[in-house]
Amino acid sequence: MKQILTFFLFVVVSTTLVYAQETNTKGILSGNLQVDGAYYTDSLSQSQRPEGFGINSYANFNYNYGKFTAGLRFELYQPPLMGYDTKYQGMGIPYKYLSYKADELEFTVGNFYEQYGSGMILRSYEEKTLGYDNALEGVQLKYNPFKGVYLKGLFARQRNFWDYDGLVRGIDGEIVINDALGIENTELPYLSIGGSFVSKYQDPQNTTLNLPGNVAAGAGRASVVYKGFNLSGEYAYKINDPSADNNYTYKNGQGLLINATYSTKGFGVYLTAKRLDNMYFRSNRNASATSYLINNPPAIAQEHTYSLSAMYPFATQANGEMGLQSQVSYKFKKNTPLGGKYGTKINVSLSKVYDIRRDSLDEYTAIGEKGTLGYNSNFFALGDHWYTDFNIKLDKKFSNNFKGSLTQMYQEFDNNIFHVGGYHHVIYSHITVADMTYKINNNNAVRLELQHLYTKNDKGNWAMAMLEYTVSPHWFFVVWDQVNYGGFGNTDNIEAFDEIEHFYNFSFGYTKKANRIQLSYGKQREGVVCAGGVCRYVPAYEGFMLSISSTF
Amino acid sequence: MKYLSITFLTIVFASIFWTSCDKIEEPYFKPVYTERITLSELVADASNIDESNYNDFINTCSAYNNTLTMLILSGNTDIAGNSSEANSIVSMLSINTQDSLAMFDRKTVNGLYGVQKSFWNDALNNASSQQTIFNLSIDGSLNQSTQTFAGEVEVRCTNGYQTETKLTLYVVRDSVVCNNIVCNNVLTEAHELANFSEFRREQSETVDLNIDLSEYNNLDLISMIVVLTNNSNYEILQASEQFVSGITFTRTQNVLIEDFTGHLCGSCPRAHEEITRLHDLYGHQLIPMAIHYDPSGYFTSVTADYPDDFRTEIANEIGSSMGVQFNPIGYVNRIGSYSDKTIDFPFWENKFLELKNKEAKAGVVIDAIRNSNLLSASVYVKAFEQLDTLVKIQGFILEDGIISKQTDYNAYPTDIEDYEHNHVLRASINGLWGEDLTEVPFAQNSIVQKEFNFTLDQNKWNVENLTLIIIIYNDLTREIIQVESVKL
C-alpha cells in the first residue's frame, strides 16, 4: 500500500512540476497513464499472487520544447498481474530520454525504440499486453544530409526487465531514390533502397567452445511502388551466432521477406512470403523466451481479434520457418445482386507455415548437434507442416442501423511447436464468428457477438456469446460467456474436461473526455496472447479487474 | 559529389562492421588436452651398442616423469629376438644406427628423425611438453594357460583429428644382454592394431588385443607399449605401456593402523585383540603395524625377564613425532593434526569405517621378490587425481609370528611366556621419513615406478615371516594417502 501511495505521490508531484514549467514556457507536455489492477478470488491465482491482487501501471510523460524533447516512463508492477513475468515485480523509471534535433541531425540519449527495415535484424519495441519491452539505452543519431537520404546509428544496451545489459551497435541507411534525384513525376515508379548492419558483443570466454564475441547481421531492402502495386523485400544475413536458441551451432542465419500488394477501389490483393533460418538474434547468447531479443521478424500469419479465432495463435519461429500469407478482398458494389443496398465486403485469407527442411551435415553428426555447423538446409525445400489458416469474412450493412459480419475459418495448428496448453498433437478446428451491431438511436447501440469453435482435439468445442451495450458518450456494459463443452470422450485428448465449463465476464465502463475507467468481474480461461508473432501465456484466473486510463 | 560521399561512407561503415565481427572457423569446440606420455627411443646397432650412450639415454629419460623408453636394436642379432621390426623402423625413418641417435615421439629435428646426443635433453623436453588430444589405455591381462596377452586398447580423441592415424603395439623385453651390456625395453615385436582415417570429437575406438607370448620364457620381463602415430609424418601422438605381469591399480582405500605397544604393557594385548578382530573382519584393506614404542621407555625396556628387544630407531621416530603419550594407542592412516594423530584403540574401527569407502587418491602396486636375504621391490604408484603437495614414499619391514614374552593384566600369572607378536615393525627400507615420490604436482593418472633393494637381517629376523609395507603420504600433513602390503 505504501508503494502505491508513493506512486500516486510521484504522479502528482511530477505533473505539478511539469505543469509549472508549462505555464512559464511554450513547451508542450503530453503523456498517458494506465492502471490495471486485479483482485483474484480463485485459489490458483492466490497461490501465485499471495498478495491476492496484481497491479500493472505505467505513466508516460513527454515534454517538447522547440527542438528539444525529453520524456520518461514510470512503471509499477506490485506484483504484476497474473500471466506477466514476476521478474517485473517492482517500480521505477526504466525509460527516460533526452532528444535534440539540430537541423539535419537528431540525437537521443537515454532510452529509445528503433526498427531497421522490417525488423529482421533490429526491432526494439514495447508491447504492454505482452509485457514485452526491449528498449535500448544508449545514444542514437539520425542524420538526414540530403533530401531522400536517411542515416541512423545507435550504440546501446538492452532492457531486460529492470536491468540494462548487452551491447548492440547498429547503422541503417535508406535512400528514397525519387526524392534524392528530385523526381516529382508521380506517374513514375517510386523506388527506395536501404541497408542496415547490427552487431552485438558478448564476452566470448568459454571453456568448451570457441565463441564469437562480436556477432553481426546485415540486411538489405528495396521497395517499389507503382500505381496500385507495391513490391518490397528484405534479405537478412547473420554470421555464426552459437546460442541457446540454436543449441550452440555455427550456421549462418538468413531471412527473406517479400511483400506484394495490389489495390484498387474495391479490390485488394496482399501476398507475403517469408523464410527464416536461424534468425534469433539476441545480445545474450544464453537467453531464452523474449529476453535480450535484438530483432523481431514480422509474423507471417494473420492476427485474429475474436476470442475463439485467437485461441490457437501463431507464434514466429525464428529458428526456422517458411510460409506464405495471402489475402484477397473485394467489395461487391451497391445495388448489385450480391452487393444489396449498401454493398458487401468479402475477404479471403490463407496462411500456411512450414518448418524449413533440415538435413544432417554428415553421417556422424546429429541435426543441430552442439559445436557443429548444425545442419544443411535447402532454401526451397519445405519441412513439416505447422500451421494453416484459411478464412472467409463477409461484412454486410443491412440498414442504416444494422450491420454485421460473418467469419468462417479453418485452422490446422501443430501444438508440438506452439505449445498452447499441454496437448501435443495437431489441432484441427473450424471456427464461426457472427458479429452484429444494432444502433437503437444516436446514443444507444447493441452489439452481439456469437462464436463457435469445433474441434475433436485438445479441449474440444467452444461456444461464446457476448453482448455489449453502449450509451454514448459515457457508459458501456459488456457481458459474455465462453463455454467449453468439448470433452465427454469426444476428443482425442484424455485430459480434456468431462464437464461443461463456463468462463464468463461482466464489465462496465465510464468514459469522459480523455479518461476511462472500467470495472469487471469474470473468470478467464487459460490461453496465449500474441502480438506480432510474439506470444505470452496467461493462466486461468477469476476475480475483479479495474482499469483506468488517461491521456493528456 | 554528395552521392559519392554517401557511397564512400556506406562502404567505410559496412567494412568496419564486417571486419569487427568474429567469424569462427572449425573446430568450434576448444580442444581438451590430456596428459602426454612420450616414447623415447634409442636406436643402435645390436652388435655395436655403446654402454655410455645407453646409460646417458636412460639418465636423460629418467629425469622426466611421463616418458617411456624403448630400445631399437637393429642389425642381425639373435639376442634381441626378432629384430626385423627394428630394422623396418630404422629403414622407414632412415636412421644411421652407427651414430648415437635417439627419437622422442619420432619428432624430426632439422628434418631428421634421429636426434644427436647433445640435443637429447632439449628434444625430450620439447616432446614431453607437447599437449595431446588422445587418450590411450591398455586393459589386458595374461592368460596363463594359453600364454596370450588378451584385452583391448582404447583410443579416445578429445577433439577432432582429420589426419590418418595408426595404432601399433610393440612388445618390449627387459634384461637383454647385448654387446655385454644389459638392456631393458628392447623392441622385439611390432603388431599393427588398427588404422583410423579420422577422429571426431569425443570419438573413442576400442581395438581387441590377442598377442601370443608363448615363445618367451620369462613373461615378467615383457611389457607392451602401444603408440598412436600420425600416418603421414610418423610422429607419435600418444603412448601407453602395460607390463604383461599386469599392474592393476585399484581405488580401494587401504588403511594402516599403527598400534603403539610394548611387551611390558599389560593393557596392550586388548589393543592386539582388537586389531586382530578388525583384521579378520575387514581383511587386506586393513593393514596393521605394531610399533613397540613407549615415550617413558618402560614398557619396551629390555630386562632379564624380557630379554627380546623390539625397539627400533624407526619406531622411536614414528611414535615420538606424532603424539604418542602412553600405551596402547594408535594412528589410523595418520589422520589428525600434524603433531598429534593418536586415536584410542576402541575408536580405530570407527575411523577405519570412515575411511574405507573413500576413493583413494592414489593406487600402489608392489612387485617384490625376496631372494634369500635380498629384497628387491618395484613399486608402482598411480595418482588417480592430481596431488598438489609433496608426496613421500616409505617402506617398512614387519615380522609376524615372533614368540616372546608379554605382560597381560587379564592373564594369571600376568606374564605370558609364549605370546605371539605379530606385525612387528622391524625396519624402514628407505630412511626415517622415506623419500620424495616424484615432483610436485603428481599429475593425475601418471604412474611412478620406484625400485628398492634392501638387505634383510637374517640374524635377527625370520625372513620367512616378513611383510613389506609401502606407504605414500602427504608431506605437508603426514596423512597417509595409500598403503599396500605384501608378504615376502
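Couple of notes before you dig in:
- Normalised by the number of residues in chain B, the average gap of Cα pairs under 8 Å and 6 or more apart makes the relative contact order 12 percent.
- The residues neighbouring B:ARG426, those whose beta-carbon lies less than 9 Å from its own, together hold a net charge of -1 under the Lys/Arg +1, Asp/Glu -1 convention.
- Centre-to-centre, using Cα atoms only, the range A:450-486 and the range B:10-29 are separated by 54 Å.
- Across the range B:424-429, rounded Karplus estimates of 3J(HN,Hα) from the backbone phi angles (6.51 cos²θ - 1.76 cosθ + 1.60, θ = phi - 60°) give 7, 5, 9, 6, 9, 8 Hz, Gly and Pro being marked x.
- Loop-located trypsin sites (Lys or Arg not before Pro) across the range B:294-372 with a Cβ neighbour count of 13 or fewer within 10 Å are B:LYS358, with loop assigned by DSSP.
- Ellipsoid semi-axes for the range B:38-243, based on the Cα gyration tensor and the rule √(5λ), read 25, 23, 14 Å when sorted largest first.
- Kyte-Doolittle mean at least -0.5, axial Cα span of 18 Å or more - DSSP H helices of chain B: B:2-19
- Computed over chain A, relative contact order equals 10 percent, with contacts defined as Cα pairs under 8 Å that lie 6+ residues apart.
- Kirkwood Rh, angstrom, the range B:1-141 [1 / mean 1/r, Cα pairs]: 18.8
- For the range A:418-552, the percent of C-alpha pairs falling in each 10 Å distance bin, counted from 0 to the bin holding the largest distance, reads 11, 31, 34, 17, 6, 0.
- Residue pairs exceeding 26 angstrom between C-alpha atoms, taken from A:LYS96/A:LYS251; A:LYS352/A:LYS393; B:LYS358/B:LYS392: A:LYS96/A:LYS251.
- Contact order relative to length of the range A:409-477, as percent, for alpha carbon pairs under 8 angstrom and 6 or more apart: 25
- Whole-number D in µm²/s for chain A (Stokes-Einstein; Kirkwood sum over Cα pairs; 10 °C, 1.306 mPa s): 60
- Loop-located trypsin sites (Lys or Arg not before Pro) in the range A:422-490 (DSSP state not H, G, I, E or B) with no more than 10 neighbouring Cβ atoms inside 10 Å do not occur.
- Each 10 Å bin from 0 upward holds the following percent of the Cα-Cα pairs of the protein assembly as shown: 2, 8, 12, 14, 13, 11, 10, 10, 9, 7, 3, 1, 0, 0, 0.
- Its Cα gyration tensor gives chain B an equivalent ellipsoid, and the semi-axes of that ellipsoid, as √(5λ) in whole Å with the largest first, are 53, 32, 19.
- Calculated P(r) tail over 19 Å for the range B:321-427, as whole % of Cα pairs: 67
- A straight Cα-to-Cα reach below 14 Å connects A:LYS331 with the aspartates and glutamates A:ASP395, residues fewer than 8 places away in its own chain not being considered.
- Taking amide H as placed 1.01 Å from N in the peptide plane, A:LEU361 has its amide H under 5 Å from the amide H of A:ASN376, each at least 5 places away in sequence or on another chain.
- Intensity falloff of the range B:255-487 expressed as log10 I(q)/I(0), Debye formula with alpha-carbon point scatterers, at q = 0.08 Å⁻¹: -0.28
- DSSP-assigned coil residues among chymotrypsin sites (Phe, Trp or Tyr not before Pro) in the range B:6-45, each with at most 14 further Cβ atoms within 10 Å: B:TYR33
- Residues whose placed amide H lies under 5 Å from that of A:GLU526, excluding near-sequence neighbours: A:ALA540
- Taking Cα centre as origin and charging only the Cβ of basic (Lys, Arg, +1) and acidic (Asp, Glu, -1) residues, the dipole magnitude of the range B:255-487 rounds to 480 debye.
Taken together, the values in this text are just the output of simple stated rules run on the coordinates, not laboratory data. Predicted model, so just to flag it, every value in this text is computed and none were measured. Cβ: placed from backbone, ideal geometry, glycine included. Neighbour counts: every protein chain shown.
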